[in-house]
1. Return the total of residues in the range B:386-414 being within 21 Å of residue B:327 (Cα to Cα) and within 14 Å of chain A (Cβ to nearest Cβ).
2. Residue A:141 - would you say it is under 17 Å from the mean Cα position of the chain (by Cα) and either within 17 Å of residue A:115 (Cα to Cα) or outside any helix (DSSP H, G or I) (or both)?
3. So which residues in the range B:490-525 are within 15 Å of residue B:453 (Cβ to Cβ), among the aliphatic types (A, V, I, L, M) and not in a helix (DSSP H, G or I), if there are any at all?
4. Can you pull out the helices (runs of 4 or more DSSP H) entirely within the range B:26-112 that have at least 1 residues that are within 30 Å of residue A:73 (Cα to Cα)?
5. Could you run through the range B:504-514 and say how many residues are of a type outside the set (Ser, Thr, Tyr) and surrounded by fewer than 17 Cβ atoms within 10 Å (Cβ to Cβ)?
6. Considering only the range B:541-556, how many residues are in a loop (DSSP other than H, G, I, E, B), closer than 14 Å to residue B:515 by Cβ and facing another protein chain (nearest Cβ under 8 Å)?
7. I'm told residue B:243 meets every condition in (1) modelled with pLDDT of 95 or more; (2) polar (S, T, N, Q); (3) surrounded by fewer than 19 Cβ atoms within 10 Å (Cβ to Cβ) except one. Can you identify the failing condition by its number?
Amino acid sequence: MVFEKDLNLDATELRLGLPGTSEESGKQASTTLRIGNKRALPDMNEDSSVAASKQCDQETAPPTKAQVVGWPPIRSYRKNSLQTKKTEAETSGMYVKVSMDGAPYLRKVDLKNYKGYPEVLKALEDMFKFKVGKYSEREGYNGSEFLPTYEDKDGDWMLVGDVPWEMFVNSCKRLRIMKGTEARGLGCVV
Amino acid sequence: MQKKMAFSLPDEVLEHVFSFIQSDKDRNAVSMVCKPWYEIERWCRRKIFIGNCYAVSPRIVIRRFPEVRSIELKGKPHFADFNLVPDGWGGYVLPWIAEMAGAYPWLEEIRLKRMVVTDECLELIAKSFKNFKVLVLFSCEGFSTDGLAAIAASCTNLRELDLRESDVDDLGGHWLSHFPETYTSLVSLNISCLGSDEVSLSALERLVGRCTNLRTLRLNRAVPLDKIANILGRAPQLVDFGTGTYGADLQLEVFSNLAGAFSSCKELRSLSGFWDVVPAYLPAIYPAFSRLTSLNLSYATIQSPDLIKLLRHCPSLQRLLVLDYIEDSGLEALASSCKDLEELRVFPSDPFGVEPNVSLTEQGLVSVCLACPKLQSVLYFCRRMSNMALVTIAQNRPNLTRFRLCIIEPRTADYLTLEPLDVGFGAIVEHCKDLRRLSLSGLLTDRVFEYIGRYAKKLEMLSVAFAGESDLGLHHVLSGCESLRKLEIRDCPFGDKALLANAAKLETMRSLWMSSCSVSFGACKLLGQKMPRLNVEVIDESGPPDSRPDSCPVDKLYIYRSVAGPRFDMPPFVCTMDEDSALPVS
């Protein structure tokens, strides 16, 4: 088969460069999650060009000196071991795993991406396609069978929202979205 | 004339003969000779390798091979290692374990790579296989040390537990205590990936002490330097040892204990670990270095002068993994000290820095390639390259079988001539006739693919990034590389034409990955419709692809051959292009 060389496909070439990121390597895993977030929170002020580059009738954003996802091709554990030991706040506040009862997969979130509970809860809702109930200090989450919980540094399971945000970010080790009856023990009013 | 029947030999004799045939390829060939041989072979096949867990279903495997003792499965595409495959994509091993629990009660070995393994899976393994011996979880995720506790508690015949490079939810070292006091059969333990700062050292020491057949022990970073002597003291028969942290304030007693422990391990051939190295402690290992064949210093921030001193003690080295702190000078020392070197991997210490932080260039690689006659396998990260260097390497090392070069800045030209590196890589594929694996980088036009298609006849795996100019590039590879099994491409201007023209080729390969290229949604649908034995999966996290025009390029594309049909465990952001409909299955 004969091929023309003049196909000029550069114009449609997609790139996944994120302009403006100056974070360290560990954040690379978050870029794929961010793309999902962007749809739900279109008013977030950064990286709107990432969403734009997904629409093929717009110009793709050329990658800058910022990091390209997955390049250079180095495994995460290798990247992490190159970094010097971080401060307590940095290590405990970064990536946490999120599981949901009944879902056969785990996700990860970077708590540093969020400024408060409403943001992170919205992100979780989008990620796992569920809705939390309305939160009140006295009664916990009202009106949903899903309950966002987290494991803190002491190994205790707590309700998301009970402690001040900063304290939560610094002590959360992982998140678990409980479902149904198991949630009762943590003060969920269903 | 009387026809001699192939099955005139009794079944037991044939089975005995077949038992000497281990390789899958040969076994498959045997099973194709005639129906009786197919039958006998399938009843006596004990070991199965499945390179893509979605290429076949557990049921099909079990139906054909009822007496399997050992299974190896691979899940996610290779680019998952670099975060290009979103979380939740798939690769779940639970359905396999669940079916095998009933069908293979005598299963002994499970080896998994890039799969999602949950604690539930591990508990099921512990419960279902009474003679379970080997568990290797290579780059897996989804499980915690609770699952490991279940394995430890129940698998009394366990020989090998290898968690290499897996992402384990490490809830502390207590799981080790679940190995009963009567348990002594451990031969190989690799927990180097465990992340917590807690390790039950006493449980570890007791375990090591009573398992007198232990040959491989790779510790995690949490194990401090001053505990190594104690551990090694209990296992002087070790062949392969991985330290934890190899740094501490220098103390004479600790040093001499360490030196004593290492010198009494006469069988030691492989060392790894070396996190947080304090170079003053390295001489403690010098006596053991002379016998070493494999050394992994890729976590060790040791500077070139110390590395040079160290390498002088390792004349028998066959395999070296190291950071680019070694610099060109260290690689020259390696070249003169280690004539038996077969494999070299040099990783970047500062991959995201714009300016080079070390004096490592193409010269280091050239000096090793010139001086080490047995060198076969190379993985090299650097910041500049020239066609001249690549041609020199190709001409002097035609015995290379794996060549992976990563020039850190995408599309970097030959630094001497400013030309593309087509000619250099062309020389590699032309001279290295047994090349099985190749990773490209730097500035590359369609020409390099022309060379690859023409010369790389034994090439099985090709990785391409930020290269090429048109579909012609992809066409050269798909039409020319006869042995190609895995092709992974990112950020290249390859589109529909080459893919559709070479659709049939895709059925002869294990898989094709293309991300940030120019393949349109319409072409994916067409491919899915025309090729029922291919699963054409479109990955797009920004929304369902059919909400955009057919001409729109897809974000990520993963195509693989399968006899199991489309999978049903896909997350919302993955769609299979189905043969039945214009509508994708998702």
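1. 7
2. no
3. Listed by number, the list holds a single entry, B:509.
4. On the way: elements: B:35-44, B:58-64, B:94-103.
Here the list reads B:94-103.
5. So the first thing to find is which residues in the range B:504-514 are of a type outside the set (Ser, Thr, Tyr), and the list is B:504-507, B:509-510, B:512-514.
If we keep only those that are surrounded by fewer than 17 Cβ atoms within 10 Å (Cβ to Cβ) too, we end up with B:504, B:507.
Going through the range B:504-514 one residue at a time, the tally reaches 2.
6. The total comes to 3.
7. (3)
Residue-by-condition table, conditions (1) surrounded by 21 or more Cβ atoms within 10 Å (Cβ to Cβ); (2) in contact with a Ser or Thr (Cβ under 8 Å, 6 or more places away or on another chain):
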residue	(1), (2)
B:412	no, yes
B:424	yes, yes
B:428	yes, no
B:438	yes, yes
B:475	yes, no
B:486	no, yes
B:499	yes, no
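The values are calculated or read from the model by the stated rules, or taken from the named source; none is laboratory data. Being a predicted model, the structure only gives us computed values, none of them experimental. In this analysis, Cβ positions are derived from the backbone assuming ideal geometry, glycine residues included, and neighbour counts consider all displayed protein chains.
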